[in-house]
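Just below is one structure, and these are the notes that go with it.
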Amino acid sequence: MANPASRTLRHIGHTVIDGVWRLGYAARFFVFVLLRSAVSFRRIALTIREIYFAGVLSLIIILVSGLFVGMVLGLQGFDTLQRYGSAEAVGTLVALSLVRELGPVVAALLFASRAGSAMTAEIGLMKATEQITALEMMAVDPIARIVGPRFWAGVVSMPLLAALFSGMGILGGYLITVVLLGVDAGAFWSQMQASVDLREDVLNGVIKSIVFGVAVTAIALFEGYDAPPTAEGVSGATTRTVVTSSLAVLALDFVLTAFMFRGV
Amino acid sequence: MLDLWVGIFVAAGLAALLFLALQVSNASTFNTGDAYRVTAEFDNIGGLKVRAPVKSAGVLVGRVDAIEFDNQKFVARVTLRIDKRYEFPTDTAASILTSGLLGEQYIGLDGGGDTELLKDGGRMTLTQSAVVLEKLIGQFLYSRAAEGAAK
């Protein structure tokens with residue numbers, strides 16, 4: 001009966017069914033969060049507190065990484081472009097790659113590892129120490145009280161963080177190419193302005209970062225809420241949050257880019 | 001204290017968005033609101049793309065709005081969106097030019113002497129197609145061969 005072939009088959013079947021079951025549970029959880037998010041807006045102080053933990057505390061890592069990513073882009077772009085005598089186009093290169101792709105994607109990856117993992121660990125520990133059960137005993141809806149404000153805080157913070165990342169990156173590129181390497185400042189800005197479109201590039205970047213914010217926060221909250229109430233379970237859930245949301249951000253980025261920039 | 005930090009964060013985020021909108025993108029240099037459309041027909045548009053700049057005397061006056069293929073006359077019909085601030089006479093010549101040797105292609109407008117001005121939906125009749133490198137080389141080789149035969 002228990003020969004290796006049937007055991008392997010049974011294992012694969014179990015993994016697939018388990019995955020689909022979890023996906024269904026995650027979808028139901030997501031709908032619940034949306035349905036009960038009225039509390040997040042009625043008691044705005046709760047949401048503001050979570051914006052502080054998710055957004056404000058991520059500021060340092062976002063600003064510093066943005067600055068360095070922009071500086072590297074400027075340095076590498078300048079190195080290649082000056083061979084073709086068009087070093088002024090480095091502004092276009094830095095701005096387009098940041099606003100369209102790197103800003104939303106890298107900010108979302110950093111957000112997942114900085115704020116997403118913290119959310120998972122916090123909710124997982126609340127579950128392990130039976131605080132969530134205690135809330136239910138007091139007839140307080142834990143999804144409305146705990147999950148909702150964190151979700152909306154993530155959705156609000158993500159586009160702002162991505163915009164700050166792109167802005168800092170462009171300043172970093174400016175610092176390296178104009179101040180250090182001597183590209184003309186007027187050409188740097190005017191070439192950038194000539195090829196970056198407000199709707200096509202900037203707005204699509206903002207839409208991307210909102211989608212990433214929803215995905216990362218929803219995954220982090222679900223993993224926390226679904227974590228086995230043990231020390232091992234919480235640590236596993238935290239790891240899964242970072243891995244799953246990073247993969248989700250990269251996959252979603254491909255899909256969104258294919259939709260948005262098809263004609264360009 | 002918490003509210004103060006969140007306020008600073010939101011204000012900084014909005015400022016970054018404003019920076020991207022005004023300083024980085026072209027919203028400030030070209031207002032897409034007030035513009036009129038004119039069409040021009042070209043035998044060959046080369047590598048011209050939608051959103052390519054339309055320049056007159058080197059100044060950005062508009063952008064390419066749409067490019068279609070006319071199946072009756074077998075020409076390319078290009079729609080240009082030109083800023084309302086700039087008006088051109090009806091005999092304005094439109095030519096497809098390249099900025100630099102490897103740069104992007106754009107449409108250059110040379111104003112004519114007509115007293116009537118182009119209106120929304122108007123048509124430019126004087127056009128000059130893009131220079132296609134293969135045709136240029138072909139012409140050069142042909143003329144060299146003709147010279148050789150004459151000798």
**Message:** For segment A:20-78, which positions are among the aromatic types (Phe, Trp, Tyr) and more than 19 Å from A:ILE219 (Cβ to Cβ)?
**Reply:** A:PHE41, A:TYR52, A:PHE68, A:PHE78
**Request:** Only residues that are part of a helix (DSSP H, G or I) and more than 7 Å from every other protein chain (Cβ to nearest Cβ): list them for segment B:1-13, please.
**Result:** B:LEU4, B:GLY7, B:ILE8, B:ALA11
**Fill in**
B:LEU18 fails exactly one of (1) touching a strand residue (DSSP E or B) at 6+ places or on another chain (Cβ under 9 Å); (2) within 13 Å of another protein chain (Cβ to nearest Cβ), namely (1)
**Prompt:** Among the listed residues A:MET138, A:MET119, A:MET158, which satisfies the condition of being modelled with pLDDT of 90 or more and either surrounded by fewer than 24 Cβ atoms within 10 Å (Cβ to Cβ) or over 23 Å from A:VAL206 (Cβ atoms) (or both)?
**Reply:** A:MET138
**Prompt:** Among A:VAL216, A:VAL206, A:VAL196, which is the only one that is buried (at least 23 other Cβ atoms within 10 Å of the Cβ), within 14 Å of chain B (Cβ to nearest Cβ), under 27 Å from the mean Cα position of the chain (by Cα) and of a type in the set (Val, Ile, Thr)?
**Reply:** A:VAL196
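Within 12 Å of chain B (Cβ to nearest Cβ) and more than 30 Å from A:PRO149 (Cα to Cα): which single residue out of A:LEU75, A:LEU57, A:LEU81 fits that description? Please lay out each step first, then the result.
On the way: A:LEU75 fails: within 12 Å of chain B (Cβ to nearest Cβ); A:LEU57 fails: more than 30 Å from A:PRO149 (Cα to Cα).
Unique residue meeting the criteria: A:LEU81.
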**Asked** Is it the case that some residue within segment A:87-98 is assigned to a helix (DSSP H, G or I), surrounded by 24 or more Cβ atoms within 10 Å (Cβ to Cβ) and away from chain B (no Cβ under 13 Å)?
**Response** yes
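Yes/no matrix, rows are residues, columns are (1) at pLDDT 90 or above; (2) within 27 Å of A:ALA162 (Cβ to Cβ); (3) assigned to a helix (DSSP H, G or I); (4) more than 21 Å from the chain's Cα centre (by Cα):
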| position | (1), (2), (3), (4) |
| --- | --- |
| A:LEU9 | yes, no, yes, yes |
| A:HIS14 | yes, no, yes, yes |
| A:ILE17 | yes, no, yes, yes |
| A:ALA26 | yes, yes, yes, no |
| A:PHE30 | yes, yes, yes, no |
| A:PHE41 | no, yes, yes, yes |
| A:LEU59 | yes, yes, yes, no |
**Request:** Would you point out which residue out of A:ALA163, A:ALA231 is more than 18 Å from A:GLY77 (Cβ to Cβ), of a type outside the set (Phe, Trp, Tyr) and more than 14 Å from chain B (Cβ to nearest Cβ)?
**Result:** A:ALA231
**Request:** Hey, can you tell me all the residues within segment A:60-72 that are within 14 Å of chain B (Cβ to nearest Cβ) and buried (at least 21 other Cβ atoms within 10 Å of the Cβ)?
**Result:** A:ILE62, A:GLY66, A:GLY70
**Item:** Those residues of segment B:46-81 which are of a type in the set (A, V, I, L, M), part of a strand (DSSP E or B) and at pLDDT below 85, in sequence order
**Value:** B:LEU60
**Message:** Given (1) at pLDDT below 90; (2) more than 27 Å from the chain's Cα centre (by Cα); (3) away from chain B (no Cβ under 13 Å), identify the lone condition not met by A:LEU180.
**Reply:** (1)
**Prompt:** Restricting attention to segment B:86-125, which residues are more than 16 Å from the chain's Cα centre (by Cα) and either closer than 29 Å to A:GLU88 by Cα or of a type outside the set (D, E, K, R) (or both)?
**Reply:** B:PRO89, B:THR90, B:LEU101, B:LEU102, B:GLY112, B:GLY113, B:THR115, B:LEU117, B:LEU118, B:GLY121, B:GLY122, B:THR125
**Prompt:** Does segment A:15-38 hold any residues that are surrounded by fewer than 19 Cβ atoms within 10 Å (Cβ to Cβ) and either within 14 Å of another protein chain (Cβ to nearest Cβ) or aliphatic (A, V, I, L, M) (or both), and which are they?
**Reply:** A:VAL16, A:ILE17, A:VAL20, A:LEU23, A:ALA26, A:ALA27, A:VAL31, A:LEU34, A:LEU35, A:ALA38
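The values are calculated or read from the model by the stated rules, or taken from the named source; none is laboratory data. Just so it is clear, the structure is predicted and the values come from calculations on it, not from any experiment. Every residue, glycine among them, receives a Cβ derived from its backbone with ideal geometry; neighbour counts consider all protein chains shown.
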